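Comments concern the structure below.
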Amino acid sequence: MKRVLLTMSAVLLLTALHCPALAQDAGVPDTLYVEVYPQDQWHVSPGPWFVRFPIYVTHDIVDPAADSIAGFMIPLCFDMQEFGTVQYCSLSAYGNTTNLYPDPALDRSVFRHFIENGDTVIHNRMMDMSQSWDGHSGREWDFIVLDLGSQEAHQDYAHFWLQMVPTGSQDQRWWEGSRTLLTTMTFKVNLYDSLRLCIDTCFWPPSSRFGFSNSNAETYIPQHLMPVCETIGFYVPMPPYFTDCVNDQIPCWNGHYSTDQFTVVDPEPFGNIVSVTANFTGTGVSGVTVIQDKDDVYTGHVEYVVTDHCLAGGTIRLTATDAGGNQGWCEFEIVLGNDPPLLTAPDTLLAITGATCVLWVGAADANGDSVDVSFHGMWYEPDSLHTPTNAPSFAAGNPGLFSWVPTEAEEGPWICSFSATDVCGAGSTGRMTILVGPVFCGDNISDEIINVGDVIYLLNYLYVGGPAPAPVCKGDANCDGVTNVGDVIHLLNYLFKGGSVPCFNCCPE
């Protein structure tokens with residue numbers, strides 16, 4: 001089951017890094033480029049606009065086994081200088097997601113392609129690996145951390161911090177390429193003149209700085225051209241214009257909704273706003289109505305009804321018309337909540353031989369839909385045709401109750417398959433590994449589950465003075481008689497790269 005970790009488990013790679021080392025060089029040094037996308041720099045009408053800063057990587061490989069990139073640490077901070085009226089310049093989480101194929105919201109992903117008039121003009125390598133790679137999918141990197149700072153560029157700590165590590169068994173490390181698209185920063189800008197936006201590397205607390213890592217876990221600082229400073233603006237203002245548009249709407253279920261306010265003005269000396277109309281394009285929404293709140297300055301809001309949140313939603317365009325027939329517009333999205341439910345069962349469960357193993361397998365749905373959890377089967381991991389002699393029981397529902405009493409003949413790793421389906425028909429599947437044995441080696445937290453928390457617990461014990469596993473021998477996941485960094489690597493290989501399961505005889509009597 002693919003995993004994208006968005007927690008402090010970034011410590012796992014950084015703890016193992018040594019002093020910076022130069023990558024091997026076949027003649028073209030590794031370089032990071034941060035540039036404004038030319039089509040987004042200047043506009044012919046007032047905002048809001050989306051201004052994209054693609055980030056490219058040039059990399060050559062002497063030895064692919066050692067020199068391919070196996071880690072990006074890119075902490076960037078930004079600031080701006082205003083030249084006129086700037087409503088906002090934000091780097092929002094809505095417009096900078098880490099979604100990958102087949103997620104439907106790829107147009108907001110930092111890994112999206114650049115598409116002009118229906119043609120893909122710049123491919124993002126991470127998205128290509130997610131969609132298809134030599135006929136296979138799943139080559140994208142599973143460990144991605146994106147930390148966005150302040151929503152406003154003029155506040156302190158405004159940043160775009162990105163860390164990426166290939167941790168999955170199918171992950172393809174970064175091979176050679178000249179100016180290959182890695183990611184994209186997307187700012188939403190609303191102004192009535194221009195601004196100068198500057199981007200530079202910075203410090204990521206508590207201990208991270210800009211750098212790449214190769215396959216030998218050596219870190220180095222590539223060439224770069226930062227700080228990058230670009231002026232963003234527009235050529236000819238077109239009256240009227242929206243000084244505030246409606247924020248994107250994310251309703252999660254059916255019902256009546258009212259948006260926040262919008263404000264539209266006419267910059268002409270004797271101009272006035274005659275009307276503001278709304279046009280919806282999409283599905284699952286009806287009854288879109290513009291309500292005027294004030295007369296002197298045209299301020300209002302939009303009301304609408306979500307009739308079926310299982311559908312796709314869409315876009316509402318507000319069009320303002322002044323007395324001279326001039327028009328200005330702004331758009332906002334209505335994002336409906338047909339998200340698939342997510343299973344909440346642990347990745348690994350530990351079962352004692354001869355004892356009853358009980359687990360509630362649940363599913364969470366972000367939209368509040370009812371969900372049904374089903375059990376699909378169970379097999380011995382080294383031999384998928386081998387089924388347990390003592391069959392488990394499962395009571396369906398949400399959560400569903402899984403119960404099993406393993407015997408000595410069933411000691412070892414077992415795979416259980418579950419699925420969750422909501423009322424919209426959206427579903428997800430997941431697998432859980434049950435390790436049957438007399439002692440739970442590698443269960444450093446003693447919660448009868450082996451996951452990334454046990455790795456962090458062992459790292460804290462080995463390197464930062466944290467508490468020891470109880471007893472210490474439980475940390476010996478590879479049963480070599482000592483608890484050390486080798487056990488960390490053993491757990492990481494098992495969790496993320498299809499390595500062997502932890503042993504069962506770490507604490508001999």
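Taken together, the values in this text are just the output of simple stated rules run on the coordinates, not laboratory data. Just so you know, these numbers come straight off a predicted model, no measurement behind them. Neighbour counts run over all protein chains shown; Cβ positions are idealised from the backbone, glycine included.
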Nearest-0.05 FRET efficiency for A366 and T429, computed from C-beta distance (R0 22 Å): 0.80
Nearest-ten-degree value, helix 485-496 long axis tilted from longest Cα axis of the chain: 60 degrees
Relative contact order of the stretch 283-419, pairs being alpha-carbon contacts under 8 Å that are 6 or more residues apart, as %: 18 percent
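Restricting everything to alpha-carbon atoms, can you work out Rg to Rh for the stretch 304-367 with a Kirkwood hydrodynamic radius? Walk me through the intermediate numbers first.
Values: Rg = 24.2 Å, Rh = 16.9 Å.
So for the stretch 304-367, dividing Rg by the Kirkwood Rh gives 1.43.
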D107-V305 pseudo-label distance in nm [points 7 Å out on the Cα-to-Cβ vector]: 2.6 nm
Reciprocal mean inverse distance between Cα atoms of the stretch 241-335 - Kirkwood radius, Å: 13.7 Å
Assigned charges on the beta-carbon of Lys, Arg, Asp, Glu; the chain dipole about Cα centre (debye): 260 debye
Among F111, Y257, A420 the positive-end extreme of the charge dipole of the chain (Cβ point charges): F111
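Could you work out [θ]222 nm for the chain from helices alone, using -39500 (n - 2.57) per DSSP H run of at least four and dividing by all its residues? Round to the nearest 500 deg cm²/dmol. Let's see the in-between values first.
Working: 6 runs with 43 residues, N = 509.
The per-residue figure over the chain is -2000 deg cm²/dmol.
Grab the beta carbon distance between Q261 and T344, set R0 = 41 Å, and tell me the FRET efficiency rounded to 0.05.
On the way: r = 38 Å, r/R0 = 0.94.
The pair Q261/T344 has a calculated efficiency of 0.60.
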Mean-position separation - Cα centroids, the stretch 341-407 and the stretch 271-310, in angstrom: 48 Å
Label-point gap, in nm, between R179 and D200 - each point 7 angstrom along Cα→Cβ: 2.6 nm
Positive-pole candidate from V482, V145, N367, dipole of the chain, charges at beta carbon: V482
Whole-number percent relative contact order across the chain, with pairs defined as alpha carbons under 8 Å at least 6 apart: 13 percent
Label point distance in nm, E35-S384, each placed 7 Å from Cα along Cα→Cβ: 4.6 nm
Cβ-derived FRET efficiency at R0 56 Å, S419 paired with F50, nearest 0.05: 0.90
Length released on extending from A470 to K294, taking residue separation times 0.36 nm less the Cα-Cα span: 56.6 nm
Where only C-alpha atoms are counted, convex hull volume of the chain per residue in Å³: 172 Å³
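Could you tell me which chymotrypsin sites (Phe, Trp or Tyr not before Pro) in the stretch 262-368 are loop residues by DSSP with no more than 11 other beta carbons within 10 angstrom of their beta carbon? Mind showing how you got there, number by number?
Values: sites: F262, F270, F280, Y298, Y304, W329, F332, W360; in loops: F270.
Taking the stretch 262-368 and a limit of 11 other Cβ atoms within 10 Å, the loop chymotrypsin sites (Phe, Trp or Tyr not before Pro) found are F270.
For the stretch 241-335, with only Lys/Arg (+1) and Asp/Glu (-1) charged at the beta-carbon, what is the dipole magnitude about the Cα centre, in debye rounded to 20?
Values: 2 positive and 13 negative charges, 51 e Å.
About 240 debye.
DSSP beta bridges in the chain, what fraction antiparallel, as a percent rounded to 5?
Roughly 90 percent of the beta bridges in the chain run antiparallel, per DSSP.
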Sparsely packed trypsin sites (Lys or Arg not before Pro) within the stretch 106-145, loop by DSSP, other Cβ within 10 Å at most 10: none
In degrees, nearest ten, helix 452-463 long axis to first principal axis of the chain (Cα): 80 degrees
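Which net charge results for the neighbourhood of P502, defined as the other residues with beta-carbon distances under 10 angstrom from its beta-carbon, given Lys and Arg at +1 and Asp and Glu at -1?
Working: positive: K474; negative: D443, D454, D476, D487.
Residues close to P502 contribute a combined charge of -3.
Mind ordering 489-497, 381-389, 401-409 by average Cβ neighbours within 10 Å, highest first?
Those peptides, ordered most packed to least, come out 489-497, 401-409, 381-389.
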